[in-house]
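> Got a structure here, written out as structure tokens. Questions coming.
The values are calculated or read from the model by the stated rules, or taken from the named source; none is laboratory data. In this text, all values refer to a predicted model and were calculated from it rather than measured experimentally. A quick note on method: Cβ atoms are made from the backbone with ideal geometry, for glycine too, and the neighbour counts reach across all protein chains shown.
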Amino acid sequence: MRGRIGSWWSHPKTVALLIWLISAFIFFSLFLMALRNSSDTTSSSSFDSSISNVDRRSKLYDKMARDLDEHGASFLKHGETSQSLSLSDVFTLKDGSVTPVLKPANPPVRANVLYLSTEFSMPIAEKVQDIFNPHFDKAIWFQNSSMYHFSMFHASHHISPIPASKQEVEAEAAAVQAVARTLCPLNIVLDRVILTSTGVLLGCWQVASGTDPITIRAKLRNALPHAPEKQLYDAAILHTSFARLLGPPKASPTELHNASNQLQFFHELVNRLNSQIRGSKAEVSELWYVEEYDVLALALNGRMNVRKFKLGCSRA
């Protein structure tokens with residue numbers, strides 16, 4: 001018996017087979033370990049990226065929230081808007097009534113925006129009006145609740161206008177539709193409401209799930225290579241305008257004539273609004289390609305042509 005076993009071990013083919021089996025086992029084990037590490041790294045990288053985007057937005061919102069204290073209420077002095085336009089370029093205020101100034105955009109602004117449906121916008125709009133309307137009467141412009149949107153990317157804007165033929169516009173719209181098919185709907189949470197020095201009341205949001213705004217803007221950049229290099233907003237931001245203040249509170253008591261007291265009053269209103277709507281949740285499932293025939297048509301109820309694309313969530 002021992003002789004037979006010794007003979008088996010001494011056979012060259014048997015030894016070679018055994019070595020091959022051991023080597024294959026070691027290789028397979030190392031492969032599984034590498035695969036597992038790769039998966040963990042990818043998952044960790046994705047997680048870190050997600051955290052990074054959230055942090056980037058939070059820091060951006062922190063900076064925006066300091067703007068009113070750092071620069072004062074410039075909207076009380078007819079300051080600039082957030083898009084390098086003076087308030088007189090955008091609104092007229094006569095006898096306490098606000099009227100938007102609709103100026104033709106030549107060429108039309110071509111904007112890509114995510115749309116917030118009225119299911120989510122109307123409850124917010126009602127709270128905004130309940131808190132601010134009693135104090136500002138007509139010296140305030142409320143964003144149309146059926147047009148709440150998040151600006152993503154401009155194929156052309158009023159600062160860097162890029163003309164396009166009808167065929168080029170059609171090609172851009174088709175490219176944006178193709179991008180929309182690759183995007184997943186966004187589940188978002190209202191991080192906070194802030195009031196800027198230019199008088200804009202903004203809702204600043206975070207992304208709980210879905211395609212991140214940074215990714216959306218990168219995809220649109222690739223799809224629209226002729227777009228202005230300089231875009232209007234930070235790549236991480238996800239914000240929508242609720243209203244714009246255009247004058248001081250009505251029937252202000254004497255103490256509100258002091259700048260610091262005015263700022264305190266504005267902060268108190270914003271804090272009241274935050275206490276009621278901060279943490280609101282919404283789902284965003286449409287990307288719009290909008291030709292604005294009037295400057296800021298989306299904000300001022302101007303002339304526009306809207307093409308609506310559902311987010312398809314394709315992984316291709």
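> Could you name every one of the strands (runs of 3 or more DSSP E) located completely within the range 94-157 that has at least 3 residues being under 18 Å from His239 (Cβ atoms), touching a residue at least 12 places away in the same chain (Cβ under 8 Å) and out of contact with any Phe, Trp or Tyr (no Cβ under 8 Å at 6 or more places or on another chain)? Don't jump to the end; show me each part of the working.
On the way: elements: 97-100, 104-115, 140-142, 149-156.
Hits in the range 94-157: 149-156.
> Still on this model: With respect to Arg110, determine if the residue is under 30 Å from Lys219 (Cα atoms), at pLDDT 90 or above and basic (Lys, Arg). Walk me through it before giving the result.
Numbers: under 30 Å from Lys219 (Cα atoms): yes; at pLDDT 90 or above: yes; basic (Lys, Arg): yes.
So Arg110 passes the test.
> Scan the range 200-216 for residues that are surrounded by fewer than 20 Cβ atoms within 10 Å (Cβ to Cβ) and part of a helix (DSSP H, G or I) and jot them down.
Matches in the range 200-216: Ile214, Thr215.
> All but one of (1) buried (at least 19 other Cβ atoms within 10 Å of the Cβ); (2) assigned to a helix (DSSP H, G or I); (3) modelled with pLDDT of 95 or more hold for Phe75; state the number of the condition that does not hold.
That leaves (3) as the condition not met.
> Take the residues in the range 219-245 that are surrounded by fewer than 17 Cβ atoms within 10 Å (Cβ to Cβ) and out of contact with any strand residue (DSSP E or B) (no Cβ under 9 Å at 6 or more places or on another chain), then tell me which one is nearest to Val179 (Cα to Cα).
Looking at the filtered set, the residue picked out is Asn222.
> Taking interchain pairs and intrachain pairs at least six residues apart, which have beta carbon atoms under 8 angstrom, with the first residue in the range 214-230 and touching a residue at least 40 places away in the same chain (Cβ under 8 Å) and the second assigned to a loop (DSSP other than H, G, I, E, B) and surrounded by 20 or more Cβ atoms within 10 Å (Cβ to Cβ)?
Ile214/Ala236; Ile216/Leu183; Lys219/Leu183; Leu220/Ala227; Arg221/Ala227; Pro228/His157
> Based on this model, can you work out whether Leu183 counts as within 20 Å of the chain's Cα centre (by Cα), buried (at least 17 other Cβ atoms within 10 Å of the Cβ) and part of a loop (DSSP other than H, G, I, E, B)? Break it down stepwise before answering.
On the way: within 20 Å of the chain's Cα centre (by Cα): yes; buried (at least 17 other Cβ atoms within 10 Å of the Cβ): yes; part of a loop (DSSP other than H, G, I, E, B): yes.
Taking the combined requirement at face value, the residue satisfies it.
> Any residue at all in the range 253-260 that is surrounded by 18 or more Cβ atoms within 10 Å (Cβ to Cβ) and touching a residue at least 12 places away in the same chain (Cβ under 8 Å)? Walk me through how you get there before you give the answer.
Going residue by residue through the range 253-260, those that are surrounded by 18 or more Cβ atoms within 10 Å (Cβ to Cβ) are none.
Scanning the range 253-260, I find no residue that is surrounded by 18 or more Cβ atoms within 10 Å (Cβ to Cβ) and touching a residue at least 12 places away in the same chain (Cβ under 8 Å), so the answer is no.
> So which residues in the range 258-316 are farther than 30 Å from Pro163 by Cα, out of contact with any Lys or Arg (no Cβ under 7 Å at 6 or more places or on another chain) and in a loop (DSSP other than H, G, I, E, B), if there are any at all?
Passing the criteria: Asn258, Gly279, Ser280, Cys313, Arg315, Ala316.
> Can you tell me how many residues in the range 279-296 are surrounded by 15 or more Cβ atoms within 10 Å (Cβ to Cβ), at pLDDT 95 or above and under 21 Å from the mean Cα position of the chain (by Cα)?
The number of residues fulfilling the criteria is 12.
> Next question. Which one of the conditions (1) under 18 Å from Phe153 (Cα atoms); (2) part of a strand (DSSP E or B); (3) at pLDDT below 95 does Arg244 fail to meet, given that it meets all the rest?
Only one criterion is unmet by Arg244, namely (1).
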